[in-house]
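Taking it in order: structure first as structure tokens, then the write-up.
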Amino acid sequence: MVEKFFTPKEANQILTNVKKIVEEILSKAHEAGGEGRIKALMAQLEDMGCYYKDWNFEIGLVDFPAIIHGQQALLCWRSDEPEVAWFHGYEDGYAGRRPVTRELIFS
């Protein structure tokens with residue numbers, strides 16, 4: 001069950017901390033014995049209300065739950081992006097990413 005929903009502004013406010021955690025996840029992903037630390041880092045993200053989604057440990061993908069036009073969706077950020085500026089529906093996944101625009105209504 002999702003406990004927190006983000007607006008793009010709120011997601012971007014915690015992005016500095018998210019970036020640091022994701023950088024460490026990506027650096028530990030290819031080390032022997034890093035699995036425990038990676039799980040702890042992912043738990044830190046979950047405590048913040050967002051979720052690590054890059055199971056290949058290549059692009060550092062993080063989803064932030066959101067409500068857009070009254071529907072649950074996910075704000076989507078990649079570690080090579082300067083800010084949280086994309087979203088997709090729960091069923092759409094990464095392939096369905098669309099840009100956040102002013103016309104979107106977040107609640």
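The values are calculated or read from the model by the stated rules, or taken from the named source; none is laboratory data. Quick caveat: nothing in here was measured; it's all calculated off a predicted structure. Cβ sites come from the backbone with ideal geometry, for glycine too, and all protein chains shown count toward neighbours. Quick note on the areas: whole protein, heavy atoms, side chains included, nothing else; ligands and nucleic acids left out. Shrake-Rupley method; radii C 1.70, N 1.55, O 1.52, S 1.80 Å.
Points to keep in mind about this one:
- Of residues in the stretch 61-95 being touching a residue at least 40 places away in the same chain (Cβ under 8 Å), of a type outside the set (A, V, I, L, M, F, W, C) and in contact with a helix residue (DSSP H, G or I) (Cβ under 8 Å, 6 or more places away or on another chain), the one nearest to GLU24 (Cα to Cα): SER79
- Some residue of the stretch 3-25 being part of a helix (DSSP H, G or I), more than 13 Å from the chain's Cα centre (by Cα), surrounded by fewer than 16 Cβ atoms within 10 Å (Cβ to Cβ) and among the hydroxyl-bearing types (Ser, Thr, Tyr): no
- Where LYS39 falls short, out of the listed (1) within 11 Å of the chain's Cα centre (by Cα); (2) open to solvent by 90 Å² or more (accessible area, probe 1.4 Å): (1)
- Some residue of the stretch 58-65 being in a loop (DSSP other than H, G, I, E, B) and open to solvent by 60 Å² or more (accessible area, probe 1.4 Å): yes
- Residues satisfying the stated conditions in the stretch 70-91, i.e. open to solvent by 20 Å² or more (accessible area, probe 1.4 Å) and in a loop (DSSP other than H, G, I, E, B): GLY70, SER79, ASP80, GLU81, PRO82, GLU83, ALA85, TYR90, GLU91
- Test set (1) charged (D, E, K, R); (2) open to solvent by less than 50 Å² (accessible area, probe 1.4 Å); (3) out of contact with any strand residue (DSSP E or B) (no Cβ under 7 Å at 6 or more places or on another chain) - ASP47 fails condition number: (2)
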